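Inspection log for the structure reproduced underneath, given as structure tokens.
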Amino acid sequence: MRHTLTISAAKVNVIKKMKRYTMKIALIGDSILDNEEYTGEADSVFTKVKQKLPDCEVINFAEDGITSLDINPQLDRVKT
């Protein structure tokens, strides 16, 4: 038995519009996430996330030396 997939033009347009949006991942925190200085670029969290999720935009707001009290300014920098 042969199966045929039929997609209407309206559904194709919806799918095309959905592809325009890119998932964004914001790294927020301290040197656990902003660890390139300690690991080198190839092994940093930022690089690893980009490698695992190549279709996502990864933004590093994390900073070495940040404490939990400093997270709000990082969150303010994230665009929604």
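What follows draws every value from the coordinates through simple rules; no lab data is involved. Keep in mind that what you see is a predicted model, and the values were worked out from it rather than measured. No Cβ is skipped: glycine too gets one built from the backbone with ideal geometry, and neighbour counts run over all protein chains shown.
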Checklist line | Qualifying positions in region 31-49 - of a type in the set (D, E, K, R) and either surrounded by 15 or more Cβ atoms within 10 Å (Cβ to Cβ) or in contact (Cβ under 8 Å) with a residue 40 or more places away in the chain (or both) | finding: Asp34, Glu36
Next item on the list: Identify the residue in region 52-76 that is surrounded by 11 or more Cβ atoms within 10 Å (Cβ to Cβ) and of a type in the set (S, T, N, Q) and, among all such residues, is nearest to Ile25 (Cα to Cα).
Entry: Asn60
Notebook entry, point to check: Checking Asp30 against (1) assigned to a loop (DSSP other than H, G, I, E, B); (2) over 16 Å from Arg77 (Cβ atoms); (3) not β-branched (Val, Ile, Thr), which test does it fail?
Noted result: (2)
Next item on the list: Using the structure shown, decide if Glu63 is touching a residue at least 24 places away in the same chain (Cβ under 8 Å) and part of a loop (DSSP other than H, G, I, E, B).
Entry: yes
